[in-house]
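In what follows, a structure is listed as structure tokens, so that the remarks can point back to it.
Values in this text are rule-based calculations from the coordinates and carry no lab data. As the structure is a prediction and not an experimental result, all values here were calculated from the model.
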Amino acid sequence: MKTKLKLVSLVASLLLLAGTAGAQDGIAWDDLTDSQRTLLAEHESGWEQMDAARQEQIARGAERWLEMNQRQQAQAQERFQQWQNLGDDQRGIIRDRYEVFRSLTPDARNRIQDTYRRFQRLPPDRRRELQRQFRDLTPDQLRRLRDTRLRPTDRPAGGAMGMGR
């Protein structure tokens, strides 16, 4: 149950990164569904002290969790465990890259997601080979690759991609 609670908190935090805006007055504990209250029971005593945005994030995270089937919950728990095992620097890089991704145009995000899906469908040997080739690129080659793959209209305002960590 604690892992589920931690996962709900992580989902809520990720929703914050995605720009989720909370309600002005927050969500009253009694306005949560019975299932949400059961899942979030550990938060009940401090619920009213949470700011409205945090209440909204946690409630949405609980709602998403409750909509998942067992397989999806298991996958989410595994991803959460992987996230917990990352160092602060690695998490910071991921957060920065996520923000860059979110600042791209919807068309650019869709192209990236499509490319990722095609990559996932490749045979494992081919994926490993492409990963090896990518790791061996020099910073200049990476910059040129990024510049040829993204159109000027894909970039966030200011043009900096922020991925040169």
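Can you check what the Kirkwood hydrodynamic radius comes to for region 88-154, Cα pairs only, in Å to one decimal? Don't skip to the end; give the middle numbers.
Working: mean 1/r = 0.0731 Å⁻¹.
Kirkwood hydrodynamic radius for region 88-154: 13.7 Å.
Against the 2.2 N^0.38 Å scaling, with N counting residues, where does region 19-92 land? I'd like the Cα-based Rg ratio to two decimal places. Spell out each step's value before the answer.
Values: Rg = 14.1 Å, N = 74, 2.2 N^0.38 = 11.3 Å.
Output field value: 1.25.
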